[in-house]
1. Which of the trypsin sites (Lys or Arg not before Pro) found in region 198-262 are in a DSSP loop and have at most 11 neighbouring Cβ atoms, other than their own, within 10 Å?
2. Which value, in debye to the nearest 20, describes the size of the charge dipole of the chain about its Cα centre when Lys and Arg Cβ atoms bear +1, Asp and Glu Cβ atoms bear -1, and nothing else is charged?
3. Using r as the Cβ-Cβ distance of Ile123 and Ser9, and R0 as 30 Å, what FRET efficiency do you calculate, to the nearest 0.05?
4. Can you tell me the length gained on complete extension of the stretch Gln272 to Gln102, counting 0.36 nm per residue apart and subtracting the Cα distance?
5. Whole-Hz ³J(HN,Hα) for each residue in region 103-117, computed from phi via Karplus 6.51 cos²θ - 1.76 cosθ + 1.60 with θ = phi - 60°, x for glycine and proline: what do you get?
6. Percent of accessible area on the chain owned by carbon and sulfur, 1.4 Å probe?
7. Report Tyr268's accessible area, 1.4 Å probe, all protein chains in place, as a number in Å² to the nearest 10.
8. Mind listing the long-range amide H neighbours of Val15? Cut-off is under 5 Å, sequence gap 5 or more, other chains count too, H placed in the peptide plane at 1.01 Å from N.
Amino acid sequence: MSTSERPESRPLAVVTGATGGIGREIVALLVGAGYRVTILARGEATSPGVSPGGPAWGAHVATVACDLTRMESIAQAAADIVAAGEPVMLLIHCAGVISPGQGDGLCGDGVARQIAVNLTAPILLTSRLLESMPRGGHVVFVNSMAGAMPLQGSGVYAATKFGLRGYALSLALDLRPRGIRVSSVFPGAVDTPMLRREMAEGGSVLNFVSQPAAPADVARRIVAVCRRPRREVFLPPLDGLFANLCLLLPGVLRLSLPLLTFSGRRGYRRFQKRCGPVK
Ligand SMILES: NC(=O)c1ccc[n+]([C@@H]2O[C@H](COP(=O)([O-])OP(=O)(O)OC[C@H]3O[C@@H](n4cnc5c(N)ncnc54)[C@H](OP(=O)(O)O)[C@@H]3O)[C@@H](O)[C@H]2O)c1
């Protein structure tokens, strides 16, 4: 970047979940690709002078306080961004939470939080920011393989991600006449704080059928989708084919589940050996 570059000359991207394992990498890549980024974050990240990405984010990242479980907080954050009057060229929804739990005895707070952060917040935030998004804009949802395939023991998370897939596909139809693209990216397991929390709370060993991906690799693929928009991208693509096949023919999942579970248990043991026990 030349020293004479004015920050306003960079296109604006808005990113949620930017303090997390994948989101942090996405922001660094976007800054490197020439974007100015506004992150929506809560807690410590919003304190004056704190840059969750450290020096790598430089002066091109601004923080707007937002708790995605609170509708009025989303409305206020969006209003602040709209009031700044800059076109939002890219909106990436990366925030997400998971609270594993079987069908019975679910905790009401956990259910409400997952629905709020994973589903309600991206819908509301998109809706509020669309007035600032011109032709050529792009909305990207970080979904999950659990948005395309049942995930035993994490049914609420899967429900939110299936819902998000339906919303994204419908939104793409709504926005096509306005020249705004919509993409969803469906990663398998990624080695981030979310995965470790999930496993500590009894998450599915199916996360370990393959080795969890590195957050930087997943972020690279997500930013590649920002450059060349596609409706749905599965990471890895083969797992996406399998997930979609299981939806068409549920018997395939029933038959393959014992083998997948065996392989997942082995993968999880290997992961714990390499990275230490998950607490
Ligand atoms: N890790 C995986 O195995 C995996 C696999 C497939 C898909 N994904 C998806 O990838 C995305 C990123 O996940 P990750 O693995 O990077 O998770 P992570 O490291 O736990 O990060 C989650 C992010 O969401 C933010 N967030 C959570 N609740 C929030 C709230 N109420 N208000 C504002 N922000 C909130 C967190 O902010 P705080 O720092 O304030 O908590 C953090 O920035 C999620 O949508 C997830 O569903 C993850």
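The values are calculated or read from the model by the stated rules, or taken from the named source; none is laboratory data. Nothing here was measured: the structure is a model prediction, and the numbers come from that model. Methodologically, a virtual Cβ is constructed for each residue, glycine included, from the backbone with ideal geometry; neighbour enumeration extends over all protein chains shown. When the accessible area is computed, the model is the full protein with side chains, heavy atoms only, and any ligands, DNA or RNA have been set aside. Shrake-Rupley method; radii C 1.70, N 1.55, O 1.52, S 1.80 Å.
1. When the trypsin sites (Lys or Arg not before Pro) of region 198-262 are filtered for loop state and at most 11 Cβ neighbours within 10 Å, Arg230 remain.
2. On the way: 30 positive and 18 negative charges, 180 e Å.
Dipole of the chain, to the nearest 20 debye: 860 debye.
3. Working: r = 31 Å, r/R0 = 1.05.
Approximately 0.45, to the nearest 0.05.
4. Working: separation 170, 0.36 × 170 = 61.20 nm, distance 2.34 nm.
Gain in length upon complete extension: 58.9 nm.
5. Karplus values, whole Hz, x for Gly and Pro: x, 9, x, 6, 7, x, 5, x, 4, 5, 5, 5, 5, 5, 6.
6. Details: 7770 of 13750 Å².
Roughly 57 percent, rounded to a whole number.
7. In the full protein context, Tyr268 sits at about 30 Å².
8. Placed amide hydrogens put Thr38, Ile39, Leu40, Ile92 under 5 Å from Val15.
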